[in-house]
1. Just order 127-134, 290-297, 309-316, 108-115 by mean Cβ neighbour count inside 10 Å, highest at the front, would you?
2. Once you keep just the Cα pairs under 8 angstrom separated by 6 or more residues, what percentage relative contact order results for the stretch 258-355?
3. Could you work out the relative contact order of the chain, using alpha carbon pairs under 8 angstrom and six or more residues apart, expressed as a whole percent?
4. As a check on your grasp of the helix formula, calculate [θ] at 222 nm for the chain: sum -39500 (n - 2.57) over DSSP H runs of n ≥ 4, divide by the residue count, round to the nearest 500.
5. If I model a spin label as a point 7 Å beyond the Cα along the Cα-Cβ vector, how far apart are those points for Lys108 and Ser6 in nm?
6. Helix 10-32 against the longest principal axis of the chain: what's the angle in degrees, Cα atoms only, rounded to the nearest 10?
7. Which one, Leu212, Phe121, Leu270, projects farthest toward the positive side of the charge dipole computed for the chain from Cβ point charges (K/R +1, D/E -1)?
8. Given R₀ = 35 Å, what would the calculated FRET efficiency be for Met352 paired with Gln290, taking r from the Cβ atoms and rounding to 0.05?
Amino acid sequence: MATLQSDKPMRQQVEEYISTLQEEIVAAFEALDPSAPKFKRDAWVRPQGGRGLSCVFAVPHPSSPAAAQQPAHTNTVLEKAGVNISIVHGSLPPAAVKQMRADHGSLKDLDVDEKGALPFFAAGISLVIHPRNPHAPTVHANYRYFEIADKVAQASTGSAPSQQPQGTVLAWWFGGGSDLTPSYLYESDAAHFHTTLRDAAASHGAALYPVLKKWCDEYFYIPHRGEARGIGGIFFDDLCDEDHKTFSAFGEVGGESADKGRPRSAEAILKMVKDLGNAFVPSYVPILKQRSSTPYTEAERRWQLLRRGRYVEFNLVYDRGTRFGLLTPGARIESVLMSLPEEARWEYMSDMGALGTREAEVQEVLQKPRVWVQ
């Protein structure tokens, strides 16, 4: 199916979409728990170029002065959450450009030493939701766009990041995904989450969901624990108009190469990103609404905190987005570490999770990823 072209630069289209999606997602969570505090809207400016908006939910600690200024909220649906967007631009050092050449053929013949640092633009939405109830799963999603361009005249200081003067685009790509991390396994929740994502991907090629599902299982893996972070979802990176090794390695789906049948143009991939991004609320909010009222015990809360410890381990040790953020000059560290839960727990040789227990059910799935939908 043909994708309509827009007169707007791709960077502007992405900025407009993630801004709208952020508003819709935050509104959905606020409507779910209207008596809870509103998300804090924190607009910021990056000194090196660009801006962002962090929408963060947290209940003030009892010892905080802020706690005395509002009613007690001990039974909120969410414990900690963040829905952030960033639209930044700047200069990419030669070493970083060289590192990216391996995955982008359009940069292969570029004389990096002669060109020197090159302008880049990056825009994305990233969210992590940590519910209070141990029976309600944590969820993560992000969708992003990145481009490297040739040098132009001095950038304007008064225009929006996506409307800065732009040289010839040398390379561009999209990445993103959405994944679910439960402490307690509910197979119907897993099926609903995966079915919603599969259906959102359906119009973009028969190979899209199975490739992105497998990719997600492989990416969100904790080698030192021998288990996945959660029960998966979808994940992709470095997706552009060039051949992609991950799709090529998957083989054929329906008699056609997986790489051939996927979206290729920037406009087609953006349409795919929009369909997947728009599927977030229907994929997750119904699960959260159902599980947030489930009664739970102190032991189940303890298990939730132990599972959150594994979440922290993956994010700080293996997640490329977190590492990239921490190493980026001028990065907003508060936003980068937004994904971490407010509370987590580690126990030496914990007695929880023994075979035959409710806790062991989720561990079995984390050690052997399952196909949730066809």
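Readers should treat all values here as calculations from the given coordinates under stated rules, not as data from a laboratory. In this text the structure is predicted, and so the values were computed from the model without any measurement. Every residue, glycine as well, gets a Cβ built from its backbone with ideal geometry; the counts of neighbours run over all protein chains shown.
1. Details: 127-134: 22.6, 290-297: 13.8, 309-316: 18.4, 108-115: 11.1.
Order by mean packing, descending: 127-134, 309-316, 290-297, 108-115.
2. Details: 37 pairs, mean separation 26.5, N = 98.
Here the relative contact order equals 27 percent.
3. On the way: 632 pairs, mean separation 61.9, N = 374.
Reported relative contact order: 17 percent.
4. Numbers: 12 runs with 134 residues, N = 374.
Rounded to the nearest 500, it is -11000 deg cm²/dmol.
5. Taking the two extended label points, one gets 3.1 nm.
6. Tilt of helix 10-32: around 10 degrees.
7. So the residue we want is Phe121.
8. Details: r = 24 Å, r/R0 = 0.70.
E(calc), rounded to 0.05, equals 0.90.
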